[in-house]
Each structure stands twice: as C-alpha cells, then as structure tokens.
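> This is the structure I have questions about; it appears just below.
The values are calculated or read from the model by the stated rules, or taken from the named source; none is laboratory data. Please read these numbers as outputs of a predicted model, since none were measured by experiment. Here the Cβ is made from the backbone with ideal geometry for all residues, glycine too, and neighbour counts use every protein chain on show.
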Amino acid sequence: MLKVFKNHSLYKHNTFGVKVSAKFYAAPETPDELITILHKYRTPDQDLLIIGEGSNILLTNNFQGLVIRPDIKGIEILDKSPDNAIIKVWAGENWDNFVVYCINNGFGGVENLSWIPGSVGACPIQNIGAYGAEVENVIESVTGILTDNLEQITFIRNKCNFGYRDSIFKQELKDRFIITNVIFKLSRNPVLNTTYGRLQNELAGNKKTDLQSVRQAVIKIRKDKLPDPDKFGSAGSFFRNPVISKSKFNNLRSDYSDIPAYPTNNQGVKIAAGWLIEKAGWAGKRTGDAGVYNKQALILLNYGSATGKQIKDLAEKIMISVSNKFGIDLQTEVNVI
Ligand SMILES: Cc1cc2nc3c(=O)[nH]c(=O)nc-3n(C[C@H](O)[C@H](O)[C@H](O)COP(=O)(O)OP(=O)(O)OC[C@H]3O[C@@H](n4cnc5c(N)ncnc54)[C@H](O)[C@@H]3O)c2cc1C
C-alpha cells in the first residue's frame, strides 16, 4: 500500500533534530510505487525534496511541497568471482548495515567508511569519504528515476563525475534524479587501507589486522571525535574543506606556520576548514541552542530546540568571520533547504 502522509513531521527524518513538517511525505517501498507517487502526487508547481536518513540536510522551514524518502530495501549478490563480489543494494538500506554485511562476508572496500550515518541511496550524492577512502572507488553504477520524464537511467562510475564530496547527482541532477539502487564491486582478497595517520596509530597494537579490526578502529576514532547523537543534533561536518591556490597557501603559511594542509589531485592545496573556524574563535561558541562543537569546530550542534534558521544564521556568521580573517570563502557540505 502506498505510504503518503499530509502535514507530516520531519523531526525524526533529520539528524539535526529540527522540528519542521512536509506538506506531503511519501515513502515508496518499490520502484513501481515511486513512479506511481511521482505520477499521482507530483505537480509542476510543487517543490520536490528527496531525502534519505536526513543526516546531511538542514531544514530551515516547513517544506511546502512533496518529500520523497525512497524506502526500497534489499541486498543482492549479482556475481561472485574468486577476486570480487558484485552487489546490488537498494536505496533505502542503511549504509552502515551494508558495511557490516560486507565485513561479515569478507568483502573489502567499505570498512574505512564504517559508521557513517545515512542511506545507501545517498552515498553517491556527495561521494562519502573517511579515513583515506571514498565510496566512488567501489561503485560500479548508480540507477535511478529522472523526475522530469520518469525515465530509468543507469550511470556507470565514470559518468558520475565523482570528486571530493561531489558528483553529478549533487550538481546537474540535484533534485531531478531519485537514486533507487547502487551496484558495488568489492574485493574478496581485500588489501587494507590503513595509511591514514590516526587509523594507523589505533591499529598499531593489534596482532592481526583484518576488515573487522579496521571497522572497530574506525568506530573508536569516530566515537572520540564526533558528538554523541543521543545528546546533540548535528549533520557531521557542516563545511567542506576549501581548496586554495599554492600562492595563497604560501602567503597564509607565512602568518600561520601550523596551518594544516593536504595535497590534492590538482594544483590547489586543501585546508582544514575546522582549523580555520577554530582560529577565528568559534570552537565551543553557542547562541541559544545552536552552537559549534568544542572538540571539532567543523561540526555545528543543536543543543535541543534550535531552529534550522538559527543554525543557518550561525553558519553564515562563521562564513563571514573566516572570510574576513583569512580571505577564504567556506562552502557548506550540508544541504541547506
Ligand atoms: C555524525 C555524522 C557524521 C558524518 N560523517 C561523515 C563522513 O565521515 N563522511 C561523509 O562523507 N559524510 C559524513 N556525514 C554526512 C552523511 O552521513 C552523508 O552525507 C550521508 O551519505 C547522508 O545520507 P542520508 O541518507 O542521511 O542523506 P540525506 O541527508 O537525507 O540527503 C543528503 C542529500 O542527498 C539527497 N538524497 C538522499 N537520498 C537520495 C536518493 N535516494 N536519490 C537522490 N538524492 C538523494 C538529498 O536530497 C540531499 O541533497 C556525517 C553525518 C553525520 C550526522
């Protein structure tokens, strides 16, 4: 039966815990239901918002259109060779449940991405990444429905325009393409990727390092670093790490010798946004129930009853202050709606 609700609360559908509602909310459980909902409930004058588990969005107002949460479940092994497993995962599956499934079956490639909140359908959108791994490296293809004409399209990996926290789905196809499933290629002879400094340290005392121990180390690091989701609302990193030119970086380094920087594939230098925000004096600052996490200034918090608008205002003040101090314009990683 079609699940469509009117004036539906989105409180439980966003990890910031912002109290807003959707005029219409639908949670299709099959691709056919999704198409029926688009046919019946989508009108050209009505806004559309696609959501997964709401861990990378900031809702600033009641949504006056149709919210669709693809709730299509299932994990299917399409092919298994001695080296690889090809697995189709439907969009409504929880990302970390899929990681656990892979580790339990000895499939390597996603263990560094353990404990990232969200759905499988959203993982290609910003090309989720952590501890030296990015999901693009294990994606074979992404399939979904184009909302303009309800056509089903499959994008093979090299057509997804993956980049740092970026993809075609976040750019040209934003809000126009509903991802229904993702096909992954995982290794049955995993080569562990433990070069990331903190991960290496965490694993140093281990007698044996395997997929499970990498997962446990990643979870431990994340628990130390991230705010407790039972106490605070957040959406993880609020801003992207900016990439600046080498000459600008050299100028900054002459004033701030400790500025953390990472090489990129192109000519630029990636700077830690959290460091910029901290140096601008924002770590631990709080206005009402909207605040900046004291252990990692890249994360904005809802201490209880902050509105999306209050969190957005705080983010804008931070952006102005970083721009005034360093001449760098921060961009949000979180989707502000
Ligand atoms: C505590 C915390 C830690 C985090 N750590 C990391 C991290 O280490 N690395 C990282 O990369 N991210 C991290 N994130 C961000 C977040 O987990 C990811 O971006 C995740 O992929 C979002 O999934 P979601 O299902 O919650 O998407 P949502 O927040 O619901 O949506 C995100 C975007 O994707 C779109 N979208 C969602 N589902 C679909 C679909 N099926 N089809 C088309 N569009 C869709 C939405 O319109 C929106 O633009 C963190 C978030 C939190 C709260």
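> Taking segment 51-88 only, how many residues are over 27 Å from Thr36 (Cα atoms) and of a type in the set (Ser, Thr, Tyr)?
So the answer is 2.
> From the list Asn127, Asn158, Asn149, pick out the single residue that is part of a helix (DSSP H, G or I) and farther than 16 Å from Cys102 by Cβ.
Asn158
Here's the yes/no breakdown for (1) surrounded by 16 or more Cβ atoms within 10 Å (Cβ to Cβ); (2) on the phi < 0 side of the Ramachandran plot:
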| position | (1), (2) |
| --- | --- |
| Gly236 | yes, no |
| Lys246 | no, yes |
| Ile259 | yes, yes |
| Ala272 | yes, yes |
| Trp275 | yes, yes |
| Thr287 | no, yes |
| Ser321 | yes, yes |
| Phe326 | yes, yes |
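Conditions (1) within 14 Å of the ligand (Cβ to nearest atom); (2) in contact with a helix residue (DSSP H, G or I) (Cβ under 7 Å, 6 or more places away or on another chain), marked per residue:
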residue	(1), (2)
Gly109	no, yes
Gln126	yes, no
Thr143	yes, no
Lys159	no, no
Tyr164	yes, no
Ser167	yes, no
Ile178	yes, yes
Leu186	no, yes
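> With the condition kept exactly as written, say whether any residue in segment 74-90 is within 10 Å of the ligand (Cβ to nearest atom) and aliphatic (A, V, I, L, M).
No.
> Another question, then. Among (1) touching a helix residue (DSSP H, G or I) at 6+ places or on another chain (Cβ under 7 Å); (2) basic (Lys, Arg); (3) modelled with pLDDT under 95, there is one condition Arg215 misses while meeting the rest; what is its number?
The failed condition is (3).
> Another question, if that's okay. Would you point out the residue of segment 92-126, among those that are touching a Gly at 6+ places or on another chain (Cβ under 7 Å) and within 18 Å of Arg165 (Cα to Cα), that is surrounded by the fewest Cβ atoms within 10 Å (Cβ to Cβ)?
By that ranking, first place goes to Gly118.
> Would you confirm whether any residue within segment 199-209 is touching a residue at least 24 places away in the same chain (Cβ under 8 Å), away from the ligand (no atom under 15 Å from the Cβ), of a type outside the set (Ser, Thr, Tyr) and in contact with a helix residue (DSSP H, G or I) (Cβ under 9 Å, 6 or more places away or on another chain)?
Taking every residue of segment 199-209 in turn, none turns out to be touching a residue at least 24 places away in the same chain (Cβ under 8 Å), away from the ligand (no atom under 15 Å from the Cβ), of a type outside the set (Ser, Thr, Tyr) and in contact with a helix residue (DSSP H, G or I) (Cβ under 9 Å, 6 or more places away or on another chain).
> Something else: Please name all residue pairs, on different chains or six or more residues apart, with Cβ atoms under 8 Å, provided the first residue is in segment 127-146 and is on the phi > 0 side of the Ramachandran plot and the second residue is of a type in the set (Phe, Trp, Tyr) and more than 8 Å from the ligand (Cβ to nearest atom).
Close Cβ pairs (under 8 Å, with a partner that is of a type in the set (Phe, Trp, Tyr) and more than 8 Å from the ligand (Cβ to nearest atom)) amount to Asn127/Phe162; Asn127/Tyr164; Tyr131/Tyr196; Gly132/Tyr196.
> Could you give me the residue pairs with C-beta distances under 7 Å whose first residue belongs to segment 97-119 and is on the phi > 0 side of the Ramachandran plot, whose second residue is within 15 Å of the ligand (Cβ to nearest atom) and assigned to a helix (DSSP H, G or I) wherever it lies, and which are 6+ apart or on separate chains?
As it stands, the answer is Gly109/Asn137; Gly109/Val138; Trp115/Asp96; Trp115/Val218; Trp115/Ile219; Trp115/Arg222; Gly118/Trp95, since those pairs meet every condition given.
> Which residues, taken from segment 182-235, are closer than 26 Å to Ile86 by Cα and in contact with a Lys or Arg (Cβ under 7 Å, 6 or more places away or on another chain)?
Answer for segment 182-235, where residues must be closer than 26 Å to Ile86 by Cα and in contact with a Lys or Arg (Cβ under 7 Å, 6 or more places away or on another chain): just Ile183.
> Which strands (runs of 3 or more DSSP E) does segment 1-72 wholly contain that include 1 or more residues that are crowded, with 21+ Cβ neighbours inside 10 Å?
21-26, 48-50, 63-68
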